[in-house]
Amino acid sequence: MKEISRQDIETLLRLQEAETRIVQLEDSLRKDEKREADFLARQEAFQKGIDEQKKSFAVCIASCEEVEQEIRLIDQRITKSNETLRMVRSNKEYQALLRELEENRRRKEGIETSLLELMEEKDQLSDAIKQAETEFVQLQSQGRAEQEEIHAQLDRSRGLLEDYKAEQKQIGEQLDPGLMSLFKRIAKMNKGLAVAKVQDSVCMGCFMNIPPQMYIEVQRGKDLISCPQCSRILYYDEINQEI
Ligand SMILES: [Zn+2]
């Protein structure tokens, strides 16, 4: 069994304190980064929706223009037929022109109906775009405060994380490299908690009882003892046994 000094245990505890803060900070960094990414994704999706509506609007305008052009052509044909009508001599020609006129008028009516529908669609799209743009501006201004808060929080957390990592490195230098790598391995396995207090024969890391002989050895504090259940490095704190 590897020997351990009281000082090693104290160093391990300081290391543990820094590690706990690091794990908490990394967790809050992850959450804030996700919040930021979610916000940006929401904004992007909104913008994409507006772009789609604008595309439909452009298509609608082009269709309106096409239909209007067609109506103009039919009007020209009607005008021409009317002019010709005044000059025809034979009844056969006259009847044929009347049929042609009637047909053009019917076509024009049909096209005018679809133009009205298109114009209605155009108005609806225009209103929808205006509303979406207003909402987008609101979303952005509401989000700005939230985003700034997230940014500030991220900066703070990143700064603190660097401090704790530097502190942990400094503490770790006072420790035997073997003990340091053991600490890191156990911390990784146990979400950052590598050192656990033993209280009334119970490991406070996993809340399992440890064997009586092991409890005596932990109390003696001369050997490196790991919990048989969770592998955490065990220590005994005479002063704070009641806490
Ligand atoms: Zn344990």
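Scan segment 184-243 residue by residue and report those that are within 15 Å of the ligand (Cβ to nearest atom) and in a strand (DSSP E or B).
Val195, Ala196, Lys197, Val198, Gln199, Val202, Cys203, Asn209, Ser226, Ile233, Leu234, Tyr235
Looking at Met208, Met214 in this structure, which one is in the same structural domain as Arg185 (by TED's automatic domain parsing), free of Cβ contacts under 8 Å to residues at least 24 places away in the same chain and under 18 Å from Lys191 (Cβ atoms)?
Numbers: Met214 fails: under 18 Å from Lys191 (Cβ atoms).
Among Met208, Met214, only Met208 is in the same structural domain as Arg185 (by TED's automatic domain parsing), free of Cβ contacts under 8 Å to residues at least 24 places away in the same chain and under 18 Å from Lys191 (Cβ atoms).
For every residue, the table says whether it meets (1) modelled with pLDDT of 95 or more; (2) surrounded by fewer than 17 Cβ atoms within 10 Å (Cβ to Cβ); (3) closer than 17 Å to Ala18 by Cα.
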| position | (1), (2), (3) |
| --- | --- |
| Val202 | yes, yes, no |
| Asp223 | no, yes, no |
| Ile233 | yes, no, yes |
| Asp237 | no, yes, no |
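Would you be able to tell me the number of residues in segment 169-179 that are surrounded by 18 or more Cβ atoms within 10 Å (Cβ to Cβ), of a type outside the set (Val, Ile, Thr) and either under 21 Å from Leu25 (Cα atoms) or free of Cβ contacts under 8 Å to residues at least 12 places away in the same chain (or both)?
Looking only at that region, the number is 1.
For residues in segment 88-118 being of a type in the set (Gly, Ala, Ser) and assigned to a helix (DSSP H, G or I), which is nearest to Cys60 (Cα to Cα)?
Here is the first cut: in segment 88-118, the ones of a type in the set (Gly, Ala, Ser) are 90, 96, 110, 114.
With the extra rule that they be assigned to a helix (DSSP H, G or I), the set shrinks to 96, 110, 114.
Details: Ala96: 37, Gly110: 18, Ser114: 12 Å.
If we take residues in segment 88-118 being of a type in the set (Gly, Ala, Ser) and assigned to a helix (DSSP H, G or I), then Ser114 is nearest to Cys60 (Cα to Cα).
Only one of these is exposed (fewer than 15 other Cβ atoms within 10 Å of the Cβ) and either modelled with pLDDT of 95 or more or closer than 30 Å to Ile129 by Cα (or both): Glu93, Glu36, Glu52, Glu83. Name it.
Details: Glu93 fails: either modelled with pLDDT of 95 or more or closer than 30 Å to Ile129 by Cα (or both); Glu36 fails: exposed (fewer than 15 other Cβ atoms within 10 Å of the Cβ); Glu83 fails: either modelled with pLDDT of 95 or more or closer than 30 Å to Ile129 by Cα (or both).
On inspection, the qualifying residue turns out to be Glu52.
The conditions are (1) over 29 Å from Ile239 (Cβ atoms); (2) out of contact with any Asp or Glu (no Cβ under 6 Å at 6 or more places or on another chain); (3) modelled with pLDDT under 95, and Gln153 fails exactly one of them. Which is it?
Condition (2) is where Gln153 drops out.
Could you list all residues from segment 1-37 that are acidic (Asp, Glu) and under 28 Å from Asp163 (Cβ atoms)? Reasoning before the result, please.
First, pick out the residues of segment 1-37 that are acidic (Asp, Glu): 3, 8, 10, 17, 19, 26-27, 32-33, 36.
Asp8, Glu10, Glu17, Glu19, Glu26, Asp27, Asp32, Glu33, Glu36 - these are the residues of segment 1-37 that are acidic (Asp, Glu) and under 28 Å from Asp163 (Cβ atoms).
Leu15 - would you say it is within 30 Å of Lys197 (Cα to Cα), more than 26 Å from the chain's Cα centre (by Cα), assigned by TED's automatic domain parsing to the domain that holds Ala128 and touching a residue at least 60 places away in the same chain (Cβ under 8 Å)? Give the steps one after another, and end with the answer.
Numbers: within 30 Å of Lys197 (Cα to Cα): yes; more than 26 Å from the chain's Cα centre (by Cα): yes; assigned by TED's automatic domain parsing to the domain that holds Ala128: yes; touching a residue at least 60 places away in the same chain (Cβ under 8 Å): yes.
For Leu15, the condition - within 30 Å of Lys197 (Cα to Cα), more than 26 Å from the chain's Cα centre (by Cα), assigned by TED's automatic domain parsing to the domain that holds Ala128 and touching a residue at least 60 places away in the same chain (Cβ under 8 Å) - is met.
Scan segment 152-183 for residues that are in a helix (DSSP H, G or I) and polar (S, T, N, Q) and jot them down. Spell out how you get there, then give the answer.
Going through segment 152-183, the residues in a helix (DSSP H, G or I) turn out to be 152-172, 177-183.
Those that are in a helix (DSSP H, G or I) and polar (S, T, N, Q): Gln153, Ser157, Gln168, Gln170, Ser181.
Of the numbered conditions (1) closer than 20 Å to Arg21 by Cα; (2) of a type in the set (A, V, I, L, M, F, W, C); (3) in contact with a Cys (Cβ under 9 Å, 6 or more places away or on another chain), Ala194 fails exactly one; give the number of that condition.
(3)
Condition first: in contact with a Leu (Cβ under 9 Å, 6 or more places away or on another chain) and farther than 13 Å from Leu12 by Cβ. Now tell me which residues in segment 219-237 satisfy that.
If the condition is that a residue be in contact with a Leu (Cβ under 9 Å, 6 or more places away or on another chain) and farther than 13 Å from Leu12 by Cβ, then Cys227, Cys230 are the ones that fit.
The values are calculated or read from the model by the stated rules, or taken from the named source; none is laboratory data. Owing to the predicted nature of the structure, the values given are computational and were not obtained by experimental measurement. Please note: Cβ atoms are built from the backbone with ideal geometry, for glycine as well, and neighbour counts cover all protein chains shown.
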